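The values are calculated or read from the model by the stated rules, or taken from the named source; none is laboratory data. Quick caveat, the model's predicted, so the values are computed rather than measured. Here the Cβ positions follow ideal geometry from the backbone for every residue, glycine too, while neighbour counts run over all protein chains shown.
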């Protein structure tokens, strides 16, 4: 499942811009980590991936806020979904996984990501869409935790930043009152 890629592969949403997929090879590497291995990627295909990422973010953000989905974002997601060539396969554990063929291209992997986004945004998965509570992020993420109360897109990044900031603020407050 590629839902983990909804927000974390992009830019810092409200803070300093950080492109996490700056080169075609980086996209190839990222896709391989999520079981969507492709042999190569062009700069045009990288641009398609970035456009899909931004469209997923726009649609998922609107869905998380209960707003109408932006038509241009929906169009990009749908276009990528129908153009991909991948097969859904069943694992021995009874889970669905996507499988790309041996001659698959980036567009096929983007089709999987778009199809997963459709499933999540449409509310077909057990969980909820939420927005990261970090002031420097705001990425949309899928919360499949039992309580559905996750606050951050990634505890190891945004969650730790927030906890560290609160700790530093408390320490500053204690040192100010001690003097």
Among the numbered conditions (1) part of a loop (DSSP other than H, G, I, E, B); (2) over 30 Å from residue 41 (Cα atoms); (3) modelled with pLDDT under 85, tell me where residue 163 comes up short.
(1)
Count of residues meeting criterion [closer than 20 Å to residue 64 by Cβ, surrounded by fewer than 19 Cβ atoms within 10 Å (Cβ to Cβ) and either in contact with a strand residue (DSSP E or B) (Cβ under 7 Å, 6 or more places away or on another chain) or free of Cβ contacts under 8 Å to residues at least 24 places away in the same chain (or both)] in region 76-122
2
Within region 129-152, count every residue that is under 24 Å from residue 76 (Cα atoms) and either in contact with a helix residue (DSSP H, G or I) (Cβ under 6 Å, 6 or more places away or on another chain) or touching a residue at least 60 places away in the same chain (Cβ under 8 Å) (or both).
10
Filtering region 25-42 down to residues that are in contact with a helix residue (DSSP H, G or I) (Cβ under 9 Å, 6 or more places away or on another chain) and modelled with pLDDT of 90 or more yields 26, 27, 28, 30, 31, 36, 37, 38, 39, 40, 41, 42
Of all residues in region 123-153, count the ones that are at pLDDT 85 or above, in contact with a strand residue (DSSP E or B) (Cβ under 9 Å, 6 or more places away or on another chain), over 18 Å from residue 96 (Cα atoms) and not in a strand (DSSP E or B).
5
